[in-house]
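Trainee: This is the structure, below, for whatever I ask next.
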Amino acid sequence: MMNLTLKIWRQASSNAQGKMVDYKVSDIDGDMSFLEMIDILNEQLIAKGEDPVTFDHDCREGICGACSMHINGEPHGPEGATTTCQLHMRKFKDGDTITIEPWRAKAFPVIKDLMVDRAAFDRIIQAGGYVSTNTSGNTLDANAIPVEKKNADMAFNAATCIGCGACVAACKNASAMLFVSAKVAQLSLLPQGQVEAKDRVRNMVNQMDLEGFGHCTNTGACSAECPKEISLDNIARMNREYLSASITAED
Ligand code: SF4
Ligand code: FES
């Protein structure tokens, strides 16, 4: 069992000024998840009539990307390839002080405490992260279309991106290139995604720029902190796709 000091960013609303506040939690079991530890803190705060700490969470099994926060300065905390909800308290020691902060990026404004607005990612997907299909007539079954094994594997790996935003939070420029390149690759590597490939890459990259994300300077911090270990190869491939789509653009 552990006794811990938590330093947590508290901010009442987007426009309010935030500050770090210290809390104590005791009898924390190493088998608890990081979010369960915050649940315990929140129960204590509610029992005292105080405002609980707001944080995003949903699946608690590493697949939705909601549980975004900096833990001791690292997106999703100290364990590689692990989301905050899958991080266990056994990674920490009795007596530790843990700092917990929201993502810091202009394009992800704080809503409250640890919760940020990641709607910019949704708008990037809306700009092109889909495949249009004609469902009338003799549409070929998707699984009847042959896909080269290498491309199928790369598309599958790209599709494991959960849209958490750790890549943006880890990047000193707050660039969203890793996320966008994964979402481009998961479609453009497959035959079904090639029909709209040029418009897709141009529209998604243009939307990314409109949202205020920074430029990529190839530091690789995004991939190093990504809980799904999305490869930097996706960025290189998207840059090639974007250039090719731009020089052959009709408009
Ligand atoms: S690329 Fe990785 S860090 Fe970025 S949103 Fe996807 S899963 Fe999260
Ligand atoms: S709560 Fe869904 S990935 Fe953590």
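Please treat every number below as a calculation from the coordinates, not as lab data. For clarity, every value in this text was computed on a predicted model and none was experimentally measured. When we count neighbours, we look across all protein chains shown, and the Cβ atoms used for this are built from the backbone with ideal geometry, even at glycine.
Trainee: When the Karplus curve 6.51 cos²θ - 1.76 cosθ + 1.60 is applied with θ = phi - 60°, which whole-Hz ³J(HN,Hα) does each residue of the stretch 55-68 get, with x for Gly and Pro?
Mentor: 9, 7, 6, 8, 6, 6, 9, x, 10, 9, x, 6, 7, 8
Trainee: If R0 is 30 Å, what FRET efficiency do you get for residue 119 and residue 3 from their C-beta distance, rounded to 0.05? Walk me through the numbers before you get to the answer.
Mentor: Numbers: r = 38 Å, r/R0 = 1.27.
Once the sixth-power term is evaluated, E becomes 0.20.
Trainee: Return the long-range amide H neighbours of residue 228 (sequence gap of 5 or more, or a different chain), with a cut-off of under 5 Å between placed amide H atoms.
Mentor: Result for residue 228 returns nothing.
Trainee: Same structure, new question: Please check: in the Gaussian network model of the chain (C-alpha springs, under 10 Å), which one of 94, 141, 209 has the largest mean-square fluctuation.
Mentor: Result: 141 has the largest fluctuation of those listed.
Trainee: Looking only at 128, 65, 137, which one moves most when the chain is put into a Gaussian network model with springs between Cα atoms under 10 Å?
Mentor: 137
Trainee: When only DSSP loop residues count, what trypsin sites (Lys or Arg not before Pro) in the stretch 19-120 have their Cβ near at most 12 other Cβ atoms within 10 Å? Could the numbers behind the result be given before it?
Mentor: Details: sites: 19, 24, 48, 60, 90, 91, 93, 104, 106, 112, 118; in loops: 48, 60, 93, 104, 106, 118.
Counting only loop positions with at most 12 other Cβ atoms within 10 Å, the trypsin sites (Lys or Arg not before Pro) in the stretch 19-120 are 48, 93, 106.
Trainee: Between residue 236 and residue 82, 0.36 nm times their residue separation minus their Cα-Cα distance comes to what?
Mentor: Working: separation 154, 0.36 × 154 = 55.44 nm, distance 2.44 nm.
Computed gain between residue 236 and residue 82 is 53.0 nm.
Trainee: Can I ask one more? D for the stretch 49-154, whole µm²/s, Stokes-Einstein with Kirkwood Rh over alpha-carbon pairs at 25 °C and 0.890 mPa s: what number?
Mentor: Values: Rh = 17.5 Å.
So the translational diffusion coefficient is about 140 µm²/s.
Trainee: To continue, here is another question. List the trypsin sites (Lys or Arg not before Pro) in the stretch 147-223 that DSSP assigns to loop (not H, G, I, E or B) and whose Cβ has at most 16 other Cβ atoms within 10 Å. Which are they?
Mentor: Working: sites: 149, 150, 172, 183, 198, 200, 202; in loops: 172.
Passing sites in the stretch 147-223 are 172.
Trainee: If each residue of separation counts as 0.36 nm, what is the full-extension length gain between residue 143 and residue 94 once their alpha-carbon separation is subtracted? Could you put the intermediate results ahead of the total?
Mentor: Working: separation 49, 0.36 × 49 = 17.64 nm, distance 5.20 nm.
Separation in residues times 0.36 nm, less the Cα-Cα distance, equals 12.4 nm.
Trainee: Using Cα-Cα distances under 8 Å and only pairs 6 or more residues apart, what relative contact order does the chain have, in percent? Mind showing how you got there, number by number?
Mentor: Working: 456 pairs, mean separation 47.8, N = 251.
Once normalised by length, the contact order is 19 percent.
Trainee: OK, next. Take the residue pairs 172/198; 106/228; 7/112; 24/93; 24/106; 19/93 and return only those whose Cα atoms are more than 19 Å apart. Provide the component values of the computation, followed by the final result.
Mentor: Values: 172/198 29 Å; 106/228 23 Å; 7/112 16 Å; 24/93 14 Å; 24/106 31 Å; 19/93 25 Å.
172/198; 106/228; 24/106; 19/93, as the Cα separations exceed 19 Å there.
Trainee: Could you work out how much longer the chain between residue 246 and residue 153 gets when fully extended? Use 0.36 nm per residue separation minus the Cα distance between them, nm to one decimal. Spell out each step's value before the answer.
Mentor: On the way: separation 93, 0.36 × 93 = 33.48 nm, distance 2.69 nm.
Separation in residues times 0.36 nm, less the Cα-Cα distance, equals 30.8 nm.
Trainee: Based on the Cα gyration tensor of the stretch 118-247, what are the three equivalent ellipsoid semi-axes, each the root of five times an eigenvalue, rounded to whole Å and given largest first?
Mentor: Numbers: eigenvalues 130, 52, 34 Å².
The equivalent ellipsoid of the stretch 118-247 has semi-axes of 26, 16, 13 Å.
Trainee: Next question, about the same structure. Quick one: what does P(r) look like for the stretch 2-111 with 5 Å bins over all Cα pairs, in whole %?
Mentor: 2, 12, 22, 26, 22, 12, 4, 0
Trainee: Related question: Over all distinct Cα pairs, what is the inverse of the mean 1/r for the chain, reported as the Kirkwood hydrodynamic radius in Å?
Mentor: After inverting the pairwise mean of 1/r, the radius is 19.6 Å.
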